[in-house]
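A quick write-up on the structure given underneath.
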Amino acid sequence: MANYAMALNFQNCIDCRACESACKDENGVQLGADKHRLWVGMTEESIFGRPYVNFYPSQCNHCQDAPCVEVCPTGASYFADGGLVMVEQDKCILCKGCMEACPYNARFVDDKVVAVDKCTFCYDTRIARGETTTACQATCPTKVRLFGDLDSEDGELVKLLKERRFFVLKEKENTVPKLLYLVPEDENTAINSIGHDTKIYTWNEFKPLIEKATAKRRPQWETIK
Amino acid sequence: MGNNKIAGVHINQIKLKDFLLSKSMFLAYFLLALGLWGLFDVFSQRYFFSAINLHDIALNPDSKEVVNGLKEAITGDGGEVKREAPWTLYIVNYMYMIYSGSGIIFLVALAELLNIDIIKKTAAGFMSLGLAMIFGGLFTIAVDLNILHMHWMFLSPHFSAGMWLMLPLYMIYIPFVMFEIYLLITDRYDIAKKLAVPILLLSIVVDIIEYYIQARLFDMNVARHLWTTYPMLTVYFIISSFVASSGLMMLYSMITYKDSLKAELSDLLDFLVGIALYTMVILGAYEATAYLFIDKAWGGVMLFGKFKYYFFAYIITAVGIPFVILFRRTHSIFWITVASIFIICGAYLGRIMFVYGGNAFPMSDTFGTGFQKYAEYEPIKDYIFFSPHYSEVFIVLGSVGVVIVVYKIIESLFSVTKIHNH
């Protein structure tokens, strides 16, 4: 069974939002500025009068130790095959507990179905139908995203992670997220776009962490509903 | 007004017309009407919101619904729930009503165990008030949830989730409190006497479990450090609830027992003022030291940031002013009323601080380089605060109506405010 994850070469992001549009189209996500499964965050700073902007593409981290699943009173949020965090919207009672628990603001209320919604890594719309990429990856003009399987040592994702250093978001929350952000190759960009106390990983350092978290959660992985 | 007797409890035969047309019920009708207005508004937002997706546009490009949905998507404010602050006034009110109601029940059980005579005489009335407040809180949370899917709480339980644990909790807690009230008003003294101590002990255990589950509900939100780093959250909930409960009990005593207790009213008030003073000191000390342990990002917003005026207003109204008034151990009805109103309002502000405070620090500093903005035209936020929608305020007022109706039904049928001497 695969353990899906995504690497993001975020320095390539040009904030075109093609990923957001593709996601809304592919997955039928509700329209609206605040209603998105993925987004491009932005910070604006200046150093010695020279302004610069960081673009941070993001979405659900499909955390191995997802707090949103822990707090859900009905099991609507669950760990699914492939290590995905999914929502069975029929069971959602709209308590909003998962939105409150998510450290990444990755969840929102879809007013069309009156339930919480979030990124599924396009599992139902693409991956389960034999596609190997998510809509956001397929549409990105600058190849920011790479979707793949962390269990496949020969897969493109692991090959990339073996070559590049990377980090995860809000590591201190111990959620073991699976959006893996590649450290920009340009040093200046890296300094300006990554917090100073961010832990940078190599694949050999990260592998035992993800394996440990996966071993703990794999028995809870359910068939996708 | 005649009465029937079932299991040793006298049940008043009341005329429906007299009950429905009483003065207090008119106040309840007004508040319930506001609640219904809020309910209608919330449900129209939730179930009839013009929400569309790209598939709708492709399939029905000319439909009016699509046009409205597009307008809403472009110019609307994004539906009922805000992504950044999903928990707002509903949770505040639910916390206030349920915790304070349970606090009253907890305090009464403690006082009975300690053989405080004046509380034993008035326990049934206090417990009925506590029970009515719990129903008011449950009304608020029921509106907050998607009621049409509530059956999944039974069909697909997640036993370790704090939110789910509330279901069995209140299914046990409410009948348990009803049984406690029964023991207080029944004339089967032999049974009541036998069961009194074990039931009171059990009641205290159940109360502590309740506060523990409530603390767990907040503590599970790993990213909201105000809640996860608050030292001994269960104890904090108990102490802060006792403060609110003492204020409510003082006000209730003056309204309810002014005539029936006469000279003993000052004993009752003196006892309640004592509880208020002790718990206010503990709460004040708690708030003064808790922020040494709370994550500095949240502490900064609360103590020195945009929330500081609200926070200090809370401390002054819930603890400062009432403490100064009550410290002289005054017996003046006027001053005790003033102090109790300050406590009641201040404690509510405290709940607002706790819930809104947990959301105050934005989650958007994901890369450690500063807060992000999610959209082109959105300002960068270094704190989050959403004023509640008017329908939320109406629901809160409606919940007060629920409290009045529930209390009035119990009082009319069982005369719980009658002074009991056993």
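The values are calculated or read from the model by the stated rules, or taken from the named source; none is laboratory data. Small disclaimer: the values here were computed from a predicted structure and weren't measured. Cβ placement follows ideal geometry from the backbone for every residue including glycine, while neighbour counts extend to all protein chains displayed. Accessible surface is based on the protein model in full, side chains and every heavy atom, while ligands, DNA and RNA are left aside. Shrake-Rupley method; radii C 1.70, N 1.55, O 1.52, S 1.80 Å.
Solvent-accessible area assigned to carbon and sulfur over the protein assembly as shown amounts to 63 percent, based on a 1.4 Å probe. Rounded to the nearest whole Hz, the Karplus-based 3J(HN,Hα) values (6.51 cos²θ - 1.76 cosθ + 1.60, θ = phi - 60°) of the range B:306-315 follow the sequence 5, 8, 4, 5, 5, 5, 6, 4, 4, 4, with x at glycine and proline.
Solvent-accessible area of B:Leu39, all protein chains in place: 50 Å² (probe radius 1.4 Å, heavy atoms, ligands and nucleic acids excluded). Pairs spanning more than 29 Å between alpha-carbon atoms, out of A:Lys162/A:Lys212; A:Lys118/A:Lys143; B:Lys193/B:Lys408; A:Lys112/B:Lys306; A:Lys159/B:Lys82; A:Lys118/A:Lys172: A:Lys112/B:Lys306; A:Lys159/B:Lys82. Panel note: the C-alpha atoms of the range B:85-414, placed on their principal axes, show extents of 70, 53, 34 Å (largest first).
Ranked from largest to smallest solvent-accessible area, with a 1.4 Å probe on the protein heavy atoms, A:Arg165, A:Arg17 come out as A:Arg165, A:Arg17. Of the chymotrypsin sites (Phe, Trp or Tyr not before Pro) found in the range B:253-336, those in coil by DSSP whose Cβ has at most 13 other Cβ atoms within 10 Å are B:Phe293.
Per-residue surface analysis assigns B:Tyr189 an accessible area of about 120 Å², computed on protein heavy atoms at 1.4 Å probe radius. Chains A and B together bury roughly 5200 Å² of accessible area, counting both sides, with a 1.4 Å probe on protein heavy atoms only. A 1.4 Å probe run over the protein chains yields, for the range B:284-371, 43 Å² of accessible area per residue, whole-number rounding.
The accessible-area loss of the range B:126-149 on complex formation, taken against its chain alone with a 1.4 Å probe, reaches 20 Å² or more at B:Asp144, B:Leu145, B:Asn146, B:His149.
Reducing the range A:148-225 and the range A:15-41 to their Cα centroids gives an inter-centroid distance of 23 Å. Over chain A, DSSP H runs of length four or greater, each weighted -39,500 (n - 2.57), average out per residue to a 222 nm ellipticity of -6500 deg cm²/dmol.
Roughly how many whole Å is it from the C-alpha centroid of the range B:360-422 to that of the range B:126-142? Each part reduced to its Cα centre gives a spacing of 14 Å. Across q = 0.16, 0.18 Å⁻¹, the range A:4-220 modelled as identical point scatterers on its alpha-carbon atoms has Debye log10 I(q)/I(0) values of -1.15, -1.46, in the order of the q list. For B:Val301, the shell of other residues with beta-carbons less than 13 Å away shows a net charge of +2, using +1 for Lys and Arg and -1 for Asp and Glu. Rg and Dmax of the protein assembly as shown, based on Cα coordinates, read 27.6, 88 Å.
The share of C-alpha pairs in the range B:271-403 whose separation exceeds 23 Å stands at 48 percent. For the range B:112-262, the calculated P(r) over all alpha carbon pairs, in 5 Å bins from 0 to the bin holding the longest distance, is 2, 7, 13, 19, 19, 15, 11, 8, 4, 1, 0 percent.
The accessible area of A:Val69, taken with all protein chains in place and a 1.4 Å probe, comes to roughly 10 Å². Per residue, the average separation of C-alpha pairs within less than 8 Å and at least 6 apart gives the range A:4-220 a relative contact order of 26 percent. Multiplying the residue separation of B:Phe327 and B:Thr289 by 0.36 nm and subtracting their alpha-carbon distance yields 11.5 nm. When the other protein chains are added to the chain by itself, burial of at least 40 square angstrom of heavy-atom accessible area (probe 1.4 Å, ligands and nucleic acids ignored) affects these residues of the range A:96-111: A:Lys96, A:Met99, A:Glu100, A:Asn105, A:Asp111. Once the 1.4 Å probe is applied to the protein heavy atoms, the range A:15-91 comes out at 30 Å² accessible per residue.
Entry comment: accessible area of the range B:9-126 is 47 Å² per residue, from protein heavy atoms only and a probe of 1.4 Å. Residues of the range A:114-128 whose accessible area (probe 1.4 Å, heavy atoms of protein chains only) drops by at least 10 Å² once all protein chains are present, relative to their chain alone: A:Val114. Using only Cα atoms and rounding to the nearest 10 degrees, what angle (0 to 90) does helix B:23-47 make with the longest principal axis of chain B? The two axes meet at around 20 degrees. Dividing the mean sequence gap of close Cα pairs (under 8 Å, 6+ apart) by how many residues chain B holds gives a relative contact order of 30 percent.
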